[in-house]
Amino acid sequence: MKNKKYLPIISAIIYSTIFGFSFMFSKIGLEVMTPIELIAFRFLLAALTMTTLKVFKIIKVDLKGKNIKMVLLTSFCEPVLYFFFESMGISMTSSSEAGLMISLIPVFVAIFSMIFLHEKLKSSQLGFIVLSVGGVVFINMMKNSLSLSGNFLGIIFLFLAIIASSFYNIGSKKSSANFTPIEITYVMMWVGAISFNIILIATNLIKGTMGSYFAPLAYNQAIIPLLYLGILSSIIAFFMVNYTISKIPVSQSAVFANLCTIVSILAGVFILKEDFFWYDFVGALMILIGVWGTVYFGERDNYEVLIHTELLEE
């Protein structure tokens, strides 16, 4: 029982680490693929892999007789709407603006969880969430000198990405009452694969380049990023996200996303040989303290929720 209490936390740390490295692999993949190609092939690989695992009964997915409307809506929020709005927003704004906006997701998730899930959030937890978000904001402000693009439409797209991700967290929590994390992830991968490949098909039809649809896959440089993004960053990471959300309050699970910033910085320093500055250390420390405080002060509530869940399952 005691060990199970920490499984959601371990899961959150693992998926944050995986997502943190995904920025580096995306950068590599984008050298030979367009953004829509990278996203479309990523989720197509993920969906086909999960289907193969399902066929060979390595994973169990049973959607028969279940109302999947909530799961479909959740999947449409993320990855579809979130990835679309985020990519549009990033293309129209500066990197500092995008980083600052996306870092606000845990705050909105916390607000939405109180409204739609009636989760109780202690003032101390809210303070630590803000501290963690502040760490991400601080790093982005210092790294990019807070350059402002002045593109209002880009800011709107980023705000919509925040809303989409927040509703995904709420939807995943609600869906966990009737679906396993594997089932939610399975639907997510197929919704993402179908949606983004439809966009890619339409793009190729307009350009008259359908004959070269799978041309990017001929590059060796595309294979490793797709394997990482499709298998680790999509299947495994999103499964762990859905598992974590199903076990602890979403206001607490969402704050772990800020750990991605620390991982991406470390990946840049040790793998891409980028510089490490004093503000990276200060911001990372703020993030770590914020995540620790959010989890620590909600630990008793998490333990009670876990006991209640297991009693229901028995």
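The values are calculated or read from the model by the stated rules, or taken from the named source; none is laboratory data. Everything quoted here is computed from the prediction, not taken from an experiment. Counting neighbours? That spans all protein chains shown, and the Cβs are built from the backbone with ideal geometry, glycine included. With ligands, DNA and RNA removed, areas are computed over all heavy atoms of the protein, side chains included. Shrake-Rupley method; radii C 1.70, N 1.55, O 1.52, S 1.80 Å.
Flag set for A164, criterion: among the small types (G, A, S), touching a Cys at 6+ places or on another chain (Cβ under 8 Å) and part of a helix (DSSP H, G or I). Set side by side, the residues I170, I182 differ, and just one is among the aliphatic types (A, V, I, L, M), part of a helix (DSSP H, G or I) and over 15 Å from the mean Cα position of the chain (by Cα), which is I182.
Take the conditions open to solvent by 10 Å² or more (accessible area, probe 1.4 Å), among the hydrophobic types (A, V, I, L, M, F, W, C) and either closer than 30 Å to L126 by Cα or part of a loop (DSSP other than H, G, I, E, B) (or both) and apply them to I201. Does it pass? Taking the combined requirement at face value, the residue does not satisfy it.
Screening F276 on (1) at pLDDT 85 or above; (2) in a helix (DSSP H, G or I); (3) surrounded by fewer than 18 Cβ atoms within 10 Å (Cβ to Cβ) shows it passes everything except condition (2). With respect to being open to solvent by less than 20 Å² (accessible area, probe 1.4 Å), assigned to a helix (DSSP H, G or I) and within 20 Å of I223 (Cβ to Cβ), A47 fits the description. Every test in (1) within 30 Å of I115 (Cβ to Cβ); (2) open to solvent by 30 Å² or more (accessible area, probe 1.4 Å); (3) not hydrophobic (A, V, I, L, M, F, W, C) is passed by P181 save one, and that test is (2). Considering only segment 13-33, I want to know if a residue exists there that is free of Cβ contacts under 8 Å to residues at least 24 places away in the same chain and assigned to a loop (DSSP other than H, G, I, E, B). Yes - at least one qualifying residue is present in segment 13-33.
Name the single residue, out of those in segment 62-84 being crowded, with 16+ Cβ neighbours inside 10 Å and more than 30 Å from I155 (Cβ to Cβ), that is farthest from the chain's Cα centre (by Cα). Per the stated criteria, the residue is I68. Of the candidates S132, S166, S172, the single residue that is modelled with pLDDT of 90 or more, in contact with a Pro (Cβ under 8 Å, 6 or more places away or on another chain) and buried (at least 17 other Cβ atoms within 10 Å of the Cβ) is S132. When you scan segment 227-239, do you find a residue that is at pLDDT 95 or above and open to solvent by 80 Å² or more (accessible area, probe 1.4 Å), even just one? Yes, that holds for at least one residue.
Evaluated against (1) farther than 16 Å from S253 by Cβ; (2) hydrophobic (A, V, I, L, M, F, W, C); (3) open to solvent by less than 30 Å² (accessible area, probe 1.4 Å); (4) within 17 Å of the chain's Cα centre (by Cα), I18 falls short on exactly one condition, (1).
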